[in-house]
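Since the structure comes first, as structure tokens, the remarks are kept for the end.
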Amino acid sequence: MAAKNVAQSPLERSCSLASLDQKLAMAKRCSHEGVVAGAKAAAFATIATAFPTVASTRMLPWARANLNPTAQALIVSTVAGMAYFIVADQTVLATARRNSFSHQTSPANNQSPPLI
């Protein structure tokens, strides 16, 4: 019981702070990778959605009558936003999973399940 009341030395406190700094740096790197991957996916989704949407409003009578420019922009921006958040979330989770498995020593734990 007396051992619990002993104050930590400055060296022990700096080690725990270094560990926290390392975890914080890893979390920032994981989130940055997610942002970059999400931005790439959103740019691709914007282009992949904009061309068919605009082309359909030019060629199809129903789309010409019912999809004004605001609706077209809403379709494109919704797809881009969904692509960003889905890819960013998957990237952050995959990076965190990879980092958590790399700290374990068992080779069976280094196999991550496939992303769905």
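Counting the residues of the stretch 14-61 that are hydroxyl-bearing (Ser, Thr, Tyr) and under 18 Å from ALA73 (Cα atoms) gives 5. The residue of the stretch 47-74 that is nearest to PHE85 (Cα to Cα), among those that are in contact with a Ser or Thr (Cβ under 8 Å, 6 or more places away or on another chain) and of a type outside the set (D, E, K, R), is GLN72.
Read the figures in this text as sums done on the coordinates, not as results from a lab. Note that the structure is a prediction, hence the values are computed from the model and not measured. Every residue, glycine among them, receives a Cβ derived from its backbone with ideal geometry; neighbour counts consider all protein chains shown.
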